[in-house]
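These notes concern the structure reproduced below.
Each value in this text was obtained by applying a stated rule to the coordinates, not by laboratory testing. From a predicted model like this one, the values you see are computed outputs, not experimental measurements. Ideal geometry is used to build each Cβ from the backbone, glycine not excepted, and the neighbour counts take in all protein chains shown.
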Amino acid sequence: MAEGIKVALPGYNATTDTDPNHFSLYVDQVTDYVLIKEKIVSSIVVSANTQLPIAHGLGYVPLCFVFAQVSPGVWRKLYSAALDGTGLYFTVDATNLVLANATGSKVLFAYHIFYDNIT
């Protein structure tokens, strides 16, 4: 038996269960499963010249991935500052993820808020 760390979800036996979907942590030195814990995955249209706050309720600054549809079928990953001159960016604090659209037209944003505390 390989050594490692396995933390089962409630109702599952970490010693005998082998389904990685039944674990919050599963590392056995043979196969390591990265289990991503997402709080919110969604998309929303943000109007022109608008900052839209989305409450996450975590009480700390979480890891977030944000994307914007810059043309039909073309998505761009955004950063917490408008590095590329598009006017599309986001900020995140202990209360909200704020999607910012400083362009002259509405834009579809997609976002992932994770449980990972990055502070």
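Just a few scattered comments:
- Each peptide in 22-30, 97-105 was scored by the mean count of other Cβ atoms within 10 Å over its residues; highest first, the order is 97-105, 22-30.
- Spin-label model, residue 37/residue 103: points 7 Å from Cα along the beta carbon direction are separated by 3.5 nm.
- Restricting attention to the chain, close to 100% of DSSP beta bridges with both partner residues there are antiparallel.
- Note on Cα extents along the principal axes in Å: of the candidates (i) 48, 32, 22; (ii) 79, 33, 20; (iii) 60, 31, 23, the value calculated from this structure sits at (iii).
- For the range 1-52 versus the range 73-109, the gap between their alpha-carbon centres in whole angstrom: 27 Å
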